Amino acid sequence: MGGYTLIENASLANRNTLRVAARAKLLAEIRDASKLPELLDFPAVRNDRLLVLGEGSNMLFTGDFDGTVLAMATRGVFVEEMLATSGVHVETLATSGVEVESDGDSARIAVAAGERWDDFVRWTLGQGYAGLENLILIPGTVGAAPIQNIGAYGCEVAEFIESVEAWDIHERRVVTLDHATCAFAYRDSLFKHEPGRYIVTAVRFVLPRNRPLRTDYAGINEQLARMGVDKPAPFHVAEAVVHLRTSKLPDPSVIGNAGSFFKNPIVDAALADALKREHPGLAVWAQPNGRCKVSAAWMIEAAGFKGIREGDAGISNRHALVLVNHGNATGPQLWALAQRVMDGVREKFGVQLEPEPVVIGAR
C-alpha cells in the first residue's frame, strides 16, 4: 500500500529498547504522513485501540497490545535555506530529513517525526547551529521529543521548539500547536495530558548559531578540562556529553534499557530542605516556581537498589536510574522491580518516584 505497510500479529521485541517480548494485533508502519487519514479510516484501525511508537526507547510493555501500533517512519527530503544577504538558496539533500529557513543568525527547522533524534542533533552541529548539543545521544525519534519534553544535562528540548504539527484524531485534521499550546513542563506536555488525541507528524525548531553554552551541569566542565578544551564550541560540549553518557549509561544495543526509567521528583522547598539536612549528599536543584527537584538516582542508590538483580530484571550498576533487561526479563518482571524501587524510596525518604517511560498494560 502506498505510504504505509500493515502486519498482523506483529512482534514488538525489536521495536522497544528494553527488548521485552510483546506483540501487536496490527502493526502499521507509515512512511507518508499524508496517508494518515486513509490509514486511520480502515475499520480494523478505526474501531480499535491505537498506540503511536517511535523507536520504543520510552516504553515498557507489560503485555501484548490488543490494537494497532502505529510506527512513524516518515522522513524529509530537502533543505530550503533563506539567507539574509543573498535571498533564497534551495538545494536537495535526500538524506537530511530537514527543511531549513534561515536568517543567517538562526534557523527555523522543520523535521519529520520519524527522523532519529540523535541523527538530527548531529546534523545541527554539523551545520553550525547551537542549542541541542546537551541532548546528543538520546535514543528515540524527533516526533517523540516534544511528547516527553526530553531533557539532559541541564537542557530541555522545549526551549527550542516553536511548534508541533500533528494529526488531531478528534477533529480529523492537521493542526499546528504553538509552543504555549504544547504546555511543556518537566518531562511533560499537552500530549501526555491528552493521550490518544494527537499523532505528531513534524516538529519545528528555532536554533541559533550562537548562544551561551550550558556547561555547568553534571560534570561537563570537568570533562571539557580532561579534553583540554578551554574555549568550547557546541561540538565540544556534545563530545563531552557523549563521553559522560557512555561512561554512565548502558548501551541499549548491548543490554536492554530505556535510559532513565525514573523522573527526578519535584517537591516542596520545605521537604527538600528537610531532606537535605538529613541527607547532605542529596543533590537538590531549585526550580523557577519555588519548588525543588531532587536526585532520584541518589535516593535509589541510598536505598540500596543500585545494581540489584531479580532474575533478568535489574537496576544498572552504572546508573541507579536505569532499569535493565539482562536477557529474557518479561515486562511484568521489569515493572514489578520498578515498583519495588519506588516503594523503597517512598518508605525511606517519603518521596514518590514516577516512571519516565510510558508503561503499557499496567494497572
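The values are calculated or read from the model by the stated rules, or taken from the named source; none is laboratory data. Values in this document were obtained by computation on a predicted structure and should not be read as measured data. No Cβ is skipped: glycine too gets one built from the backbone with ideal geometry, and neighbour counts run over all protein chains shown.
Computed values, structure above
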{"quantity": "Residue in region 236-246 that is of a type in the set (S, T, N, Q), out of contact with any His (no Cβ under 6 Å at 6 or more places or on another chain), in contact (Cβ under 8 Å) with a residue 40 or more places away in the chain and not in a helix (DSSP H, G or I) present", "calculated": "no"}
{"quantity": "Every residue from region 110-121 that is without any contact (Cβ under 8 Å) to a residue 24 or more places away in the chain and farther than 25 Å from residue 174 by Cβ", "calculated": "118"}
{"quantity": "Residue satisfying all of: in region 234-254; surrounded by fewer than 17 Cβ atoms within 10 Å (Cβ to Cβ) and among the β-branched types (Val, Ile, Thr); nearest to residue 54 (Cα to Cα) among these", "calculated": "254"}
{"quantity": "All positions within region 1-57 that are polar (S, T, N, Q), without any contact (Cβ under 8 Å) to a residue 12 or more places away in the chain and farther than 22 Å from residue 359 by Cα", "calculated": "47"}
{"quantity": "Matching residues, region 1-36, being closer than 26 Å to residue 331 by Cα and exposed (fewer than 14 other Cβ atoms within 10 Å of the Cβ)", "calculated": "7, 8, 9, 11, 14"}
{"quantity": "One residue from 276, 293 being of a type in the set (D, E, K, R) and outside any helix (DSSP H, G or I)", "calculated": "293"}
{"quantity": "Per-region count, region 163-209, residues over 22 Å from residue 32 (Cβ atoms), crowded, with 16+ Cβ neighbours inside 10 Å and of a type in the set (Val, Ile, Thr)", "calculated": "1"}
{"quantity": "First in region 142-159 and part of a helix (DSSP H, G or I), second anywhere and acidic (Asp, Glu), Cβ under 6 Å, 6 or more apart", "calculated": "142/115"}
{"quantity": "Unique match (being in a strand (DSSP E or B) and either assigned by TED's automatic domain parsing to the domain that holds residue 151 or at pLDDT 95 or above (or both)) among 304, 314", "calculated": "314"}
{"quantity": "Unmet criterion (only one of (1) in contact with a Leu (Cβ under 9 Å, 6 or more places away or on another chain); (2) not in a loop (DSSP other than H, G, I, E, B)) for residue 110", "calculated": "(1)"}
{"quantity": "Complete set of residues in region 42-61 that are closer than 21 Å to residue 194 by Cα, surrounded by fewer than 18 Cβ atoms within 10 Å (Cβ to Cβ) and not hydrophobic (A, V, I, L, M, F, W, C)", "calculated": "46, 47, 48, 49"}
{"quantity": "So residue 56, is it at positive phi, touching a helix residue (DSSP H, G or I) at 6+ places or on another chain (Cβ under 8 Å) and of a type outside the set (Lys, Arg)", "calculated": "yes"}
{"quantity": "Residue among 213, 224, 244 that alone is closer than 26 Å to residue 315 by Cβ and not assigned by TED's automatic domain parsing to the domain that holds residue 37", "calculated": "244"}
{"quantity": "Qualifying positions in region 126-141 - part of a helix (DSSP H, G or I) and at pLDDT 95 or above", "calculated": "133, 134, 135"}
{"quantity": "Selection within region 250-261 - touching a residue at least 40 places away in the same chain (Cβ under 8 Å) and either in contact with a strand residue (DSSP E or B) (Cβ under 6 Å, 6 or more places away or on another chain) or assigned to a loop (DSSP other than H, G, I, E, B) (or both)", "calculated": "250, 252, 255, 256, 257, 261"}
{"quantity": "Output for region 273-295, where each listed residue is among the charged types (D, E, K, R) and either closer than 15 Å to residue 185 by Cα or within 28 Å of the chain's Cα centre (by Cα) (or both)", "calculated": "291, 293"}
{"quantity": "Candidates 302, 329 - the one that is buried (at least 17 other Cβ atoms within 10 Å of the Cβ), over 23 Å from residue 247 (Cβ atoms) and not hydroxyl-bearing (Ser, Thr, Tyr)", "calculated": "329"}
{"quantity": "Top-ranked residue in region 172-190 [being modelled with pLDDT under 95 and not basic (Lys, Arg); ranked as farthest from the chain's Cα centre (by Cα)]", "calculated": "185"}
{"quantity": "Residues located in region 346-360, provided they are loosely packed, with under 14 Cβ neighbours inside 10 Å, assigned to a loop (DSSP other than H, G, I, E, B) and of a type outside the set (S, T, N, Q)", "calculated": "350, 354"}
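Each row is one residue, and each column tells you yes or no for (1) within 21 Å of the chain's Cα centre (by Cα); (2) in a helix (DSSP H, G or I); (3) β-branched (Val, Ile, Thr).
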site: 8; (1), (2), (3): no, no, no
site: 20; (1), (2), (3): yes, no, yes
site: 25; (1), (2), (3): no, no, no
site: 28; (1), (2), (3): no, no, no
site: 35; (1), (2), (3): no, yes, no
site: 38; (1), (2), (3): no, yes, no
site: 44; (1), (2), (3): no, yes, no
site: 50; (1), (2), (3): yes, no, no
